[in-house]
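Please treat every number below as a calculation from the coordinates, not as lab data. Since we're looking at a predicted model, the values are computed, not measured. Note that each Cβ is placed from the backbone with ideal geometry, even for glycine, and that neighbours are counted across all protein chains shown.
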Amino acid sequence: MYPAMGAPKFSDTQPPTRRSRCARPTTSSTSGEVKSVAVFGASSLTNQNLGQMRIRPGREHDRTRVHFGVTHRHIDGIARIVADASGSDTISTFTPTHRDCTMEKRANAVTFKGEGKTLVGPAIKAGDTAPDFKCLSGLSPVTLADTPAKARIFSVVPSLDTPVCGMQTKKFDEGLAALGDKIAAYTVSLDLPFAQKRFCTAEGVKSMQTLSDVHNHSFGTSWGVLLEGLPLSLLARSVFVVDKAGKVTYAEYVPEVTNEPNYAAAMEALKAVA
């Protein structure tokens, strides 16, 4: 039997630092690849402490439980570490994950039927590098890198099941037809991919491809368009143009979500980089 593990010790020269809500390993452990590591709400852990922590597969020490090589360690009742399905006994260096770090929130960034609403995520502007995302086209994941290195337009709508969103998609689809394969065009929403496909088939949409952000809202939080404070999650109406090099050249957050975007300005921006 291994000796019981006590509470983690801290360096006299390195005071405890507040960690992010969730963290993950950046390097593999000593005897295998770390499957996943998460620290929830831990305010008294440092990279050094975590790197020195030992886990013993198949044993129970203090408040550490190991089941099938996955360790759950509760520290002060606020931290959980999930580590190494390969049987490793050392956890390595940590950095915050993107999704669970504190997200920027912009209060009253837009209105929805006249009521101020908060948008989660940064305000993207012309000149910014286009943020990554992971959406779905059907059941296939699509990231920014999966889109072609050409002029791209992202038309973001709350839901294709509403009249204004349907109109926005059809207007862009009609206007983009003349540009052919010089550009790539996407409608982004939180609709299920099946509903997006059904809409495009019924309305004869051909130029616009659809991306569903329903899986983890990564587009919404990365591009600053996730609406907060509604009974269900929706994306705020917006339009972005990205050039061949992956730079944002045009960004519009429609001030009132129920209104249509500026089609002419978005089309001019797209043609300028096509």
Next on the checklist: Straight-line reach from residue 125: which lysines fall under 17 Å, measuring Cα to Cα and dropping same-chain residues less than 8 apart?
Outcome noted: 105, 244, 247
Item to check | Positive minus negative residues near residue 174 (Lys, Arg vs Asp, Glu; Cβ under 13 Å) | outcome: +1
Next on the checklist: Can you order the peptides 216-222, 110-116 by their average number of other Cβ atoms within 10 Å per residue, highest first?
Outcome noted: 216-222, 110-116
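If the viscosity is 1.306 mPa s and the temperature 10 °C, what translational diffusion coefficient in µm²/s does Stokes-Einstein give for region 217-274 when Rh comes from Kirkwood over Cα pairs?
127 µm²/s
Once a ≥ b ≥ c are taken as the square roots of the eigenvalues of the Cα gyration tensor of region 105-273, is the result rounded (a/c under 1.5), prolate (a/b larger than b/c) or oblate (a/b not larger than b/c)? It would help to have the intermediate numbers written out before the result.
Values: a/c = 1.33, a/b = 1.18, b/c = 1.13.
Because its axes are fairly even, with a/c under 1.5, region 105-273 counts as rounded.
Write out the trypsin sites (Lys or Arg not before Pro) in region 210-261 meeting two conditions: DSSP loop, and at most 10 other Cβ atoms within 10 Å of their Cβ.
Qualifying residues, ordered by number: none.
Name the shape class, rounded, prolate or oblate, that the alpha-carbon gyration tensor gives for region 96-186, where a ≥ b ≥ c are the square roots of its eigenvalues, rounded holds for a/c under 1.5, and otherwise prolate holds if a/b is larger than b/c and oblate otherwise. Show your work: numbers first, answer last.
Values: a/c = 1.82, a/b = 1.20, b/c = 1.51.
Oblate shape, in that a/c is at least 1.5 and b/c is the bigger or equal ratio.
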